[in-house]
Amino acid sequence: MLDHVGSTIRVRPSGRALGADIEGADLANLTDADFAVLRQAWLDHLVIRLRGVDIDDPTHVALSRRFGELDFNPGTRLTGKVYVEGIPEIVKISNIVENGKPVGELGAGEADWHTDMCFVDTPPSASLLRSLEIPAAGGDTSYLNMEAAYAALPEALKARVAGRSIKHDAVYVSSGKQRPGTVAPASGDIRDIAGAVHPIVRTHPETGRPSLYLGKRSNAYVLGLEVADSERLLDALWAHVLGGDFIWTQQWRLGDMLIWDNRCTMHRREAFESTERRLLHRCVVKGQKPV
Ligand code: SIN
């Protein structure tokens, strides 16, 4: 456990490739000194967890704003009706259906490895996710340290990705469903799918550390390569990141809040029983164009 002078907060690293528990933080009355410790822990450990959090939605928004200006998911904005009533900064992640309509995003299925909103030009820096209802089993969320994954990349693969970029599909979500308001390419060719282009290796704007930035696997395309070569390179990169010891898994409890750095991590959510209820509230903070 690490203690910090001038703050009541303690930071307990997970002992895994990323992740730390934050203890002793009163989120509703966080001093500037405490917030500085929390923010530094987020930069150091890439994902931080606070347990037993008992805050309301405005406090969730206020805490998120201390990380920066809030961002809104364009796909979500188009689908509508998944925000917390009267608080458009908070998106609901849920499988609950009320009056025949889902109250939130993602359902009960698996959400495959991804980085939030990689398909826009300026993806978010932070996501703050808080649990309000949790199933008895399943629905764990795993995080992957993309800085460690890059550091461990074999030199031959480092050379193959140097200076290269990925186009991140903005049309389809991982499940294959089309985002509302987007246009599918008539050619069916992944090179023609609309999306944002980002370097495969990005440098963290605050820590200066390099990391892989893969976004999500489906419909990704490495610019300038034949599709088959792009697929081979992406397969090699994904085999590397998923095959190494770069992961930490969160088993949700009621009142958990997770804050992760989208610039250097990926995450996935496992499926759970669809008859169970799961509800989380999420804010995202505006980031910078990856370079
Ligand atoms: C997300 O992908 O942002 C949500 C993760 C979760 O449902 O645990």
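Things to note:
- A residue that is of a type in the set (A, V, I, L, M, F, W, C), farther than 27 Å from residue 105 by Cα and away from the ligand (no atom under 15 Å from the Cβ) can be found somewhere in region 216-224.
- Looking only at residues in region 50-74 that are acidic (Asp, Glu) and surrounded by 13 or more Cβ atoms within 10 Å (Cβ to Cβ), the one that is farthest from residue 130 (Cα to Cα) is 71.
- Residues located in region 235-277, provided they are part of a loop (DSSP other than H, G, I, E, B), of a type in the set (Asp, Glu) and farther than 21 Å from residue 13 by Cα: 270, 273, 276
- Applying the set (1) under 14 Å from the mean Cα position of the chain (by Cα); (2) without any contact (Cβ under 8 Å) to a residue 60 or more places away in the chain to residue 127 leaves exactly one unmet item: (2).
- Which listed residue, of 278, 253, is more than 23 Å from residue 217 (Cα to Cα), more than 10 Å from the ligand (Cβ to nearest atom) and charged (D, E, K, R): 253
- For region 111-122, the condition holds for no residue, the condition being that it is farther than 16 Å from residue 268 by Cα and within 11 Å of the ligand (Cβ to nearest atom).
- Pairs where the first residue, in region 186-204, is over 17 Å from residue 234 (Cα atoms) and at pLDDT 95 or above and the second is of a type outside the set (S, T, N, Q) and in a loop (DSSP other than H, G, I, E, B), C-beta under 6 Å, 6+ apart: 204/263; 204/264
- In the condition set (1) closer than 21 Å to residue 18 by Cα; (2) in contact with a Phe, Trp or Tyr (Cβ under 9 Å, 6 or more places away or on another chain); (3) not assigned by TED's automatic domain parsing to the domain that holds residue 230, residue 51 is compliant with all but (2).
- Filter result (in contact with a helix residue (DSSP H, G or I) (Cβ under 9 Å, 6 or more places away or on another chain), part of a strand (DSSP E or B) and surrounded by 16 or more Cβ atoms within 10 Å (Cβ to Cβ)) within region 88-126: 89, 90, 91, 105, 113, 126
The values are calculated or read from the model by the stated rules, or taken from the named source; none is laboratory data. In this text the structure is predicted, and so the values were computed from the model without any measurement. Every residue, glycine among them, receives a Cβ derived from its backbone with ideal geometry; neighbour counts consider all protein chains shown.
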